[in-house]
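> Okay, here's the structure, questions in a sec.
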Amino acid sequence: MIQNVTSLEMPVDEEFRIVKNHITRGKGKRICIVTGTHGDELEGQYVCYLIAKMVSENKQHLTGTVDIYPALNPLGIDTMQRGVPAFDLDMNRIFPGDSRGSMIEKVAHDIYTDLSGADMVIDIHASNIFLREIPQVRISEMTAPTLVPSAQKMGIDFIWVHQAATVLESTLAHALNSTGTPCLVAEMGVGGRISHSMCQHLVDGIQNLMHSMGIWDEAPSPEKIGESIVCEGADTVSFINAQTSGIFITEIHNDMMVREGQSIGQIIEPLTGKVLSNVLSPCDGLLFTIRAYPVVYEGSLLGRIFRGQPQSSKQQN
Ligand SMILES: [Zn+2]
């Protein structure tokens, strides 16, 4: 059943609506799949489609409630903008919102209220247009004891327990987690694109989590659920930053084991035909982030490497 989460009048005879697909059967737990806070991150659109299709076409397996929110920032998605158009703000910096605040603060409040009390919220992001990420869940150190086991049930490739980034105060995930509603932030792919296989992988993981929570009575086949790498501690991730401005060229892809000193790419100068900088891996490890957008400035992030245990299943280069 399609339901309004919030509805506001726009200045000139239009209506701003955020909707969810509420699918329920039985008295089991409730999981919410939310995405589209950042309008330039589209992977979640395909994940929502796959979950909605799976649940609506196989409702006999449902033993609880699935709520699907494909667009928390519909204006941003419609216009391919990260933030909320006309308001010039990042929607993921205003939660839990304010019922008596500005229009967007009220929208955030209504979303937060609607999600509160769920047994699990999965907030799906997609990096940005600059960086390509392997499927991962980012968890704050504070919530790690309760959330890491749930993320492992999803069999997501990489679980990054850390202090900052997407677990900042005023994000949706922080607002929910700090008030007792568990929320996992999934991140994968690259902004503005959809990776079918990554999305299907995440859907298999969400199905497995739903099964473990008693919301779905059928588990995916075991070979679809891999083992997660859990990355904890500030010194387990190395960052590769550009040493000069220019155009970053690489043939390498992420989700790959790299060796210390291995070439990650080059920063070139189109005007003179010169290589300005050879980009080398500072350590052995799993390259889980790689720059997707070629224009770089000195200091731009080019890649991130997890220096933990090498996984034999990952491709060596
Ligand atoms: Zn995002």
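> Let me have the relative contact order for the stretch 234-316, percent, based on Cα pairs under 8 Å that are six or more residues apart. Don't jump to the answer; show the numbers that get you there.
On the way: 196 pairs, mean separation 33.1, N = 83.
With pairs under 8 Å counted, the relative contact order is 40 percent.
> Students often check this: by mean Cβ neighbours within 10 Å, which of 191-202, 217-228, 68-79, 241-252 ranks highest, and how do the rest follow? Please report the intermediate quantities before stating the final value.
On the way: 191-202: 18.0, 217-228: 13.6, 68-79: 20.8, 241-252: 15.8.
Packing order, densest peptide first, comes out as 68-79, 191-202, 241-252, 217-228.
> Next question. If N is the number of residues in the stretch 65-121, what value comes out of its Cα radius of gyration divided by 2.2 N^0.38 Å?
Numbers: Rg = 11.9 Å, N = 57, 2.2 N^0.38 = 10.2 Å.
The stretch 65-121 yields a ratio of 1.17.
> Full extension from SER99 to ARG193: what is 0.36 nm times the residue separation minus their Cα-Cα distance, to one decimal in nm?
Difference between extended and current length: 30.5 nm.
> On to the next question. What is the distance in Å between the Cα centroid of the stretch 73-118 and that of the stretch 1-43?
That distance is 12 Å.
> Run lengths n ≥ 4 of DSSP H only: what is the helix-derived mean residue ellipticity at 222 nm for the chain, with -39500 (n - 2.57) per run over all residues, to the nearest 500? List each step's numbers first, then the result.
Working: 6 runs with 66 residues, N = 317.
Using -39500 (n - 2.57) per qualifying helix, the result is -6500 deg cm²/dmol.
> Under 27 Å from the Cα of LYS59, which lysines turn up, not counting those fewer than eight places away in the same chain?
Qualifying lysines at Cα under 27 Å: LYS20, LYS27, LYS29, LYS153, LYS224.
> Something else now. What FRET efficiency would be calculated for the residue pair HIS61, GLU15, taking the C-beta separation as r and a Förster radius of 51 Å, to the nearest 0.05?
Values: r = 35 Å, r/R0 = 0.69.
Computed FRET efficiency for HIS61 and GLU15 comes out at 0.90.
> Any chance you could get the radius of gyration and Dmax over the Cα atoms of the stretch 25-109, in Å?
In order Rg, Dmax, the Cα atoms of the stretch 25-109 give 15.1, 44 Å.
> State the three equivalent ellipsoid semi-axes of the stretch 2-232, derived from the C-alpha gyration tensor as the square roots of 5 times its eigenvalues, in descending order and whole Å.
Values: eigenvalues 135, 81, 59 Å².
That gives 26, 20, 17 Å for the three semi-axes.
> For the stretch 61-77, in order, what is each residue's ³J(HN,Hα) by Karplus, 6.51 cos²θ - 1.76 cosθ + 1.60 with θ = phi - 60°, in whole Hz (x at glycine and Pro)?
Ordered by residue, 3J(HN,Hα) equals 8, 7, 10, x, 10, 10, 10, 10, 10, x, 8, 6, 10, x, 5, x, 5 Hz.
> Only helices at least 15 Å long along their own axis, judged from Cα atoms, and with Kyte-Doolittle mean hydropathy of 0.0 or greater: name those in the chain from DSSP H. Kindly include the intermediate steps, with their values, before the conclusion.
On the way: long enough: 43-57 (21 Å, 0.31); 103-115 (18 Å, 0.08); 196-212 (24 Å, -0.18).
Answer set is 43-57, 103-115.
> Spelling out what I want: for every residue of the stretch 257-264, take phi, set θ = phi - 60°, compute 6.51 cos²θ - 1.76 cosθ + 1.60 (Karplus), and round to whole Hz; glycine and proline get x.
7, 10, 10, 4, x, 5, 6, 9
> Further, regarding this structure: Are there trypsin sites (Lys or Arg not before Pro) in the stretch 1-99 that DSSP marks as loop and that have at most 10 other Cβ atoms within 10 Å, and which are they?
Working: sites: ARG17, LYS20, ARG25, LYS27, LYS29, ARG30, LYS53, LYS59, ARG82, ARG93; in loops: ARG25, LYS27, LYS29, ARG82.
Hits after loop and neighbour filter: LYS27.
> Right, next: Over the stretch 1-40, what relative contact order in percent results from Cα pairs under 8 Å that are six or more residues apart? Walk me through the intermediate numbers first.
Numbers: 32 pairs, mean separation 13.6, N = 40.
Once divided by the residue count of the stretch 1-40, the mean separation gives 34 percent.
> Per residue and in Å³, how big is the convex hull formed by the alpha-carbon atoms of the stretch 199-317? Kindly include the intermediate steps, with their values, before the conclusion.
On the way: hull volume 15.5 nm³, N = 119.
Value for the stretch 199-317: 130 Å³ per residue.
> Just how many % of Cα pairs in the stretch 109-158 lie over 16 Å apart, if you round to the nearest whole percent? Walk me through the intermediate numbers first.
Details: 657 of 1225 pairs.
Result for the distance tail: 54 percent.
> If you take every DSSP beta bridge fully contained in the chain, what fraction is antiparallel? Give it as a percent rounded to 5. Walk me through the numbers on the way to the answer.
Values: 43 of 69 bridges.
Of the beta bridges lying entirely in the chain, close to 60 percent run antiparallel.
None of the figures in this text is laboratory data; all of them are computed from the coordinates on show. Here the structure is a predicted model, which means the values were calculated and not measured. As a convention, Cβ positions derive from the backbone with ideal geometry for all residues, glycine included, and neighbour counts pool all protein chains shown.
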